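Chemist: Quick one: the structure is below, questions incoming.
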Amino acid sequence: MRKQIAAANWKMNLTLNEAESLLKNLAESGVSLAGHQQVIIAVPFPYLILAKEKLQNVYDVGAQNCHAKESGAYTGEVSAAMLHSCGIEYVILGHSERREYFSEGFEELAHKVDICLKEGVRPIFCCGEPLEIREQGKQNEWVEKQLRESLFHVDATQLKGFIIAYEPIWAIGTGKTATADQAQEMHAHIRAVFAKEYGDDVANSISILYGGSVKAANAADIFGRPDVDGGLVGGASLNAGEFTQVIQGLK
Ligand code: PGA
């Protein structure tokens, strides 16, 4: 069975004390995971090493972004090599908030994907349509373009076991979750797009996470669909009890 993943995205939340206490609660409530299940906690940069330490042997830790260049005069930025050197193996790339508020485009994201793969940091690559595109019924084309423009220059061996997060923008932080049917429909489409480009073997190895107002009450239903391989969780990941129940919703 391909990896089933619950990933937490803390975004720009929590002070050090709050982060420490959430990490402690997560470590203490650590769920025993089956071999095909995984939990990744993506925290703000200043807490990465602390999170690694506190969640050792419990969950994996990820970053929420990195720069597209290897190193250099980019004040305030963090490179994939830095993440790797801190023992961080995962990074969220192309989150809709990065695309919208920091103008990250297809090409920049393609470079970020490349540098991460080169440095041995595995992307959780986000895609998803805004409300007006969903209302026009053009979400499949929209998402396919996001994948083609930033990912499909990568060769098949590097895409085996890749992690995608489908996050419809209208469902992020709004309390408005896509229905399990809507999620399954898009995830099946994404897998078909990979199959067309790279063949069934690669397509079936990819974990496609759903994101957008996932919480304890809806996780098991959404994750239960055949092409939904877990979730990327924002708001509900800031509470250890709630997030633990989300984890327990993994197949
Ligand atoms: P949300 O955020 O769970 O708060 O909707 C998800 C995300 O943006 O990753």
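The values are calculated or read from the model by the stated rules, or taken from the named source; none is laboratory data. None of the values given here were measured: they were computed from a predicted structure. Cβ atoms come from the backbone with ideal geometry, glycine included; neighbour counts cover every protein chain shown. For accessibility, only protein heavy atoms count, side chains too; no ligands or nucleic acids. Shrake-Rupley method; radii C 1.70, N 1.55, O 1.52, S 1.80 Å.
Chemist: Between R148 and K160, what length in nm is gained on full extension when 0.36 nm per residue of separation is reduced by their alpha carbon distance? Can you show the working numbers first?
Modeler: On the way: separation 12, 0.36 × 12 = 4.32 nm, distance 1.60 nm.
Computed gain between R148 and K160 is 2.7 nm.
Chemist: With a ≥ b ≥ c the root eigenvalues of the C-alpha gyration tensor of the range 170-218, is it rounded (a/c under 1.5), prolate (a/b larger than b/c) or oblate? Show your work: numbers first, answer last.
Modeler: Working: a/c = 3.10, a/b = 2.62, b/c = 1.18.
Note, shape of the range 170-218 comes out prolate.
Chemist: Please report the relative contact order for the chain, taking Cα pairs under 8 Å with a sequence separation of at least 6, and give it as a percent rounded to a whole number.
Modeler: Values: 485 pairs, mean separation 53.9, N = 251.
Relative contact order of the chain: 21 percent.
Chemist: Same structure, new question: Test of understanding: extend the Cα→C-beta vector of E107 to 7 Å, then name every residue of the range 60-85 with backbone N under 15 Å from that spot.
Modeler: Output list for this probe position: 68-69.
Chemist: Give the cross-link partners of K176 among the aspartates and glutamates, using a straight C-alpha distance below 16 Å as the criterion and excluding same-chain residues fewer than 8 apart.
Modeler: E129, E132, E135, E167, D221
Chemist: Hey, another quick one. When the chain is treated as a GNM, springs tying every alpha-carbon pair under 10 Å, which of C127, C66, C86 comes out with the largest mean-square fluctuation?
Modeler: In the Gaussian network model the winner is C86.
Chemist: Can you tell me which of L159, L151, L131 moves the most in a GNM of the chain? Springs connect C-alpha atoms under 10 Å apart.
Modeler: Looking only at L159, L151, L131, the largest GNM fluctuation is found for L131.
Chemist: Return the single residue from Q56, Q139, Q184 with maximal mean-square fluctuation; model: Gaussian network over the chain, springs between Cα atoms under 10 Å.
Modeler: Judging by the Gaussian network model, the answer is Q56.
Chemist: A further question follows. Can you work out the accessible area per residue across the chain, with the rest of the protein chains kept in place, probe 1.4 Å, in square angstrom?
Modeler: Numbers: 11000 Å² over 251 residues.
Solvent-accessible surface per residue comes out at 44 Å².
Chemist: With a ≥ b ≥ c the root eigenvalues of the C-alpha gyration tensor of the range 37-102, is it rounded (a/c under 1.5), prolate (a/b larger than b/c) or oblate?
Modeler: Values: a/c = 2.27, a/b = 1.45, b/c = 1.57.
Oblate shape, in that a/c is at least 1.5 and b/c is the bigger or equal ratio.
Chemist: Could you pull out every one of the lysines with an alpha carbon less than 26 Å from that of K118, ignoring same-chain neighbours closer than 8 positions?
Modeler: Answer for K118, where 26 Å is the Cα cut-off: K3, K11, K52, K69, K145, K160, K196, listed by chain and number.
Chemist: Here is a follow-up. Considering only DSSP beta bridges where both residues belong to the chain, give the percentage that are antiparallel (nearest 5). Mind showing how you got there, number by number?
Modeler: Numbers: 0 of 29 bridges.
Around 0 percent antiparallel, to the nearest 5.
Chemist: Continuing with the same structure: So what's the projected area for the range 94-251, the Cα convex hull averaged over all directions, in nm²?
Modeler: With the hull built on Cα positions only, its mean projection is 9.0 nm².
Chemist: Straight-line reach from K54: which lysines have a Cα under 18 Å away, not including same-chain ones fewer than 8 places off?
Modeler: Reachable lysines: K24.
Chemist: Considering the alpha-carbon set of the range 25-138 alone, what are its Rg and its Dmax in angstrom?
Modeler: In order Rg, Dmax, the Cα atoms of the range 25-138 give 15.8, 47 Å.
Chemist: In addition: 7 Å from Cα along Cα→Cβ at both E197 and E141: what's the point-to-point distance in nm?
Modeler: Those two pseudo-labels are separated by 1.8 nm.
Chemist: Scan around I124 for amide H atoms under 5 Å from its own, H built in the peptide plane at 1.01 Å from N, and keep only partners 5 or more places away or cross-chain.
Modeler: Residues meeting the criterion, in which the H sits 1.01 Å from N, are V91, I92, L93.
Chemist: Mind checking the dipole of the range 1-156: about its Cα centre, +1 per Lys or Arg Cβ, -1 per Asp or Glu Cβ, Debye to the nearest 20?
Modeler: On the way: 16 positive and 22 negative charges, 74 e Å.
Charge dipole of the range 1-156: 360 debye, to the nearest 20.
Chemist: Additional query: What part of the accessible area of the range 1-117, given as a whole %, is carbon or sulfur when the probe is 1.4 angstrom? Don't jump to the answer; show the numbers that get you there.
Modeler: Values: 2950 of 5780 Å².
Exposed carbon and sulfur together represent 51 percent of the surface.
Chemist: Note down, for the range 141-233, the three equivalent ellipsoid semi-axes (square root of 5 times each alpha carbon gyration tensor eigenvalue), biggest first, whole angstrom.
Modeler: Values: eigenvalues 111, 36, 22 Å².
After diagonalising the Cα gyration tensor, the semi-axes are 24, 14, 11 Å.
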